[in-house]
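I have placed the structure first, in the form of structure tokens, so that the comments after it can refer back to it.
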Amino acid sequence: MLYWNKKMETMKVKEREKLQLKRLKSVVARCAKLDFYKKRFKEAGFKPADIKTLRDITKIPFTVKTDLRDTYPFGMFAVPMKDIVEIHASSGTTGKPIVVGYTKNDLENVWSETMARAYTSAGVTAKDIVQNAYGYGLFTGGLGFHYGAIKIGATVVPTATGNTERQIMLMQDFGTTVLCCTPSYALYIADEMNRLGVDFSKLKLRVGFFGAEPWSEKMRLEIQERLHLNAFDMYGLTEIIGPGVAAECEEKSGLHVYDDHYIVEVIDPETLEPVAPGEKGELVFTTVTKEGFPVLRYRTRDLSVLYTEKCSCGRTHPRIARISGRSDDMLKIRGVNVFPSQIESVALEIAGLEPYYQIIVDRRDNLDTMEVQVEMSKEAYANRDSIETELRKKLSDKLQSVLQIKADVTLLAPNSLPRSEGKAKRVIDKRKI
Ligand code: DLL
């Protein structure tokens, strides 16, 4: 089967635009009832009736990540809590996560639907055995890939991430045909397979779906060659739905955005004005069908390029280029979003530490490592013999609980990090992607 939903995926652009406009008006009307949007609309002098054509979307004020912090936890939910059936979360810019909620309809007819389209566009069918090594839990990766696999009737093996030897054993014993995980974990699995002397010709892997972190064409070729599979790029973010916002088809000439559900725009991150198709800018999405947590003009901070020409696969959805960077300082470490400001807020909470810090990120044996260096206060430094071990443990535990990943912690003498007049250089990223 070529398409999961031929009608929607190959619909004439003009026809889809009519549908998008109808849906846009409906979502704007629903949002207008929420305190958050009421206030935002008023400040911007925007009224739902201003949406007369699809181009009028640019009149709607943007939504940004800190809006989710300010309305934490459920302030942007658009239905009563009794209709929310699932919650997911991802890192915010401080200690609290950002939280999103889904109705049953969101899970069944939006998330599973767009994930089913993505699997199908990569040639995955009900006959496949999908080993899902994305993290399950509050992270959207695990359950997003899970629901999509069930929707197309494939067999899903929910291994989640980690325990690599066991992953490899199951892959061989179950005859896994599709692997879903972060691209760096795919390479780590390949390393482990080499170490264990796995006979690759006996594996049945044929397709891989990789995303949740930046990767490159070079990494794609390496993964394909080493794991003997066809590797596809999957893009998404918690605020919009999770994975399933855009995915590559077999043509691999950009990722199709399922824009009957998620309308895409590209803006200049400085001027906030739209850029022309084919020009690089920041992706902005509006969800037009989601009920639980609809979001208008969400600034993703992800940089990409929009292509509007029809793809030779027959899909009329626009395509975006592989994500080429960020317009903010967010890092992806082991697939987890990390903001330098989270580290600052942790340091500020611990007596004896100063908010002067540096993060050193590296990739060793295809696994990301993170070292956090924080300066001690003068008093703490003077008493370091008696308190340093305890202070380091406190910082390490708190970082683990806020970031959800382990960091190596180094405490420094006061004033050891360079002070800068402008933007401090907080991050040294040594990874070669
Ligand atoms: O990472 C959703 C996801 C899960 C996508 C599994 C694909 C596969 P968040 O944790 O909210 O959600 O992180 C979203 O990750 O804004 C991008 O910066 C980055 N990202 C996601 N997919 C890609 C990709 C999930 N294919 C943030 N290439 C996004 C590059 C990606 N970066």
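For (1) touching a His at 6+ places or on another chain (Cβ under 7 Å); (2) farther than 22 Å from LYS425 by Cβ, each residue gets a yes or a no:
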| site | (1), (2) |
| --- | --- |
| GLU309 | no, yes |
| CYS313 | no, yes |
| ARG319 | yes, yes |
| ARG326 | no, no |
| LYS332 | no, no |
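Total residues in region 45-59 satisfying the condition of being touching a helix residue (DSSP H, G or I) at 6+ places or on another chain (Cβ under 8 Å) and under 19 Å from PRO274 (Cβ atoms): the figure is 8.
Of all the criteria given as (1) among the basic types (Lys, Arg); (2) surrounded by fewer than 19 Cβ atoms within 10 Å (Cβ to Cβ); (3) within 15 Å of the chain's Cα centre (by Cα), the one not satisfied by LYS65 is (2). Within region 364-383, the set of residues being touching a residue at least 60 places away in the same chain (Cβ under 8 Å) and open to solvent by less than 40 Å² (accessible area, probe 1.4 Å) comprises ASN366, ASP368. Do we have any residue at all in region 166-174 that's in a helix (DSSP H, G or I), within 19 Å of ALA122 (Cβ to Cβ) and more than 16 Å from the ligand (Cβ to nearest atom)? Yes, region 166-174 contains a residue that is in a helix (DSSP H, G or I), within 19 Å of ALA122 (Cβ to Cβ) and more than 16 Å from the ligand (Cβ to nearest atom).
Note on region 191-200: among residues that are in a helix (DSSP H, G or I) and among the hydrophobic types (A, V, I, L, M, F, W, C), the one that is nearest to the ligand (Cβ to nearest atom) is MET193. If the condition is being touching a helix residue (DSSP H, G or I) at 6+ places or on another chain (Cβ under 9 Å) and assigned to a strand (DSSP E or B), then region 366-407 contributes LEU367, ASP368, MET370, VAL372, VAL374, GLU375, MET376. Scan region 73-93 for residues that are open to solvent by less than 40 Å² (accessible area, probe 1.4 Å), within 16 Å of the ligand (Cβ to nearest atom) and of a type in the set (A, V, I, L, M) and the total you get is 2. Among the residues of region 151-168, those identified as open to solvent by 40 Å² or more (accessible area, probe 1.4 Å), touching a helix residue (DSSP H, G or I) at 6+ places or on another chain (Cβ under 7 Å) and not charged (D, E, K, R) are PRO158, THR161.
Summed over region 94-133, residues that are assigned to a loop (DSSP other than H, G, I, E, B) and either away from the ligand (no atom under 15 Å from the Cβ) or open to solvent by 10 Å² or more (accessible area, probe 1.4 Å) (or both) total 9. Pairing each residue of region 322-339 that is outside the structural domain of VAL245 (by TED's automatic domain parsing) and of a type in the set (A, V, I, L, M) with any residue that is more than 7 Å from the ligand (Cβ to nearest atom) and open to solvent by 20 Å² or more (accessible area, probe 1.4 Å), provided the two are 6+ apart or on different chains, yields C-beta distances under 6 Å for VAL336/GLN404.
Listed here are the residues, each with its yes/no results for (1) more than 10 Å from the ligand (Cβ to nearest atom); (2) under 21 Å from GLY95 (Cβ atoms).
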| position | (1), (2) |
| --- | --- |
| SER304 | no, no |
| CYS311 | yes, no |
| ARG319 | yes, no |
| GLY335 | no, yes |
| GLN342 | yes, yes |
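The listed residues are LEU143, LEU187, and the only one of them that is within 11 Å of the ligand (Cβ to nearest atom), in contact (Cβ under 8 Å) with a residue 12 or more places away in the chain and in a helix (DSSP H, G or I) turns out to be LEU143.
Taking region 1-50 as the region of interest, how many residues are within 15 Å of THR287 (Cα to Cα) and among the basic types (Lys, Arg)?
Matching residues across region 1-50 total 5.
The condition of being within 17 Å of the chain's Cα centre (by Cα) and either open to solvent by 10 Å² or more (accessible area, probe 1.4 Å) or under 15 Å from VAL245 (Cα atoms) (or both) holds for ALA321. The sole residue among ARG297, ARG315 that is away from the ligand (no atom under 13 Å from the Cβ) and on the phi > 0 side of the Ramachandran plot is ARG297.
A single member of THR271, THR286 is more than 28 Å from ASN230 (Cα to Cα), away from the ligand (no atom under 14 Å from the Cβ), buried (at least 22 other Cβ atoms within 10 Å of the Cβ) and polar (S, T, N, Q), and it is THR286.
The values are calculated or read from the model by the stated rules, or taken from the named source; none is laboratory data. Quantities reported herein were computed from a predicted structural model and do not represent experimental measurements. Every residue, glycine among them, receives a Cβ derived from its backbone with ideal geometry; neighbour counts consider all protein chains shown. Just the protein is used for accessible areas: all its heavy atoms, side chains included, with ligands, DNA and RNA removed. Shrake-Rupley method; radii C 1.70, N 1.55, O 1.52, S 1.80 Å.
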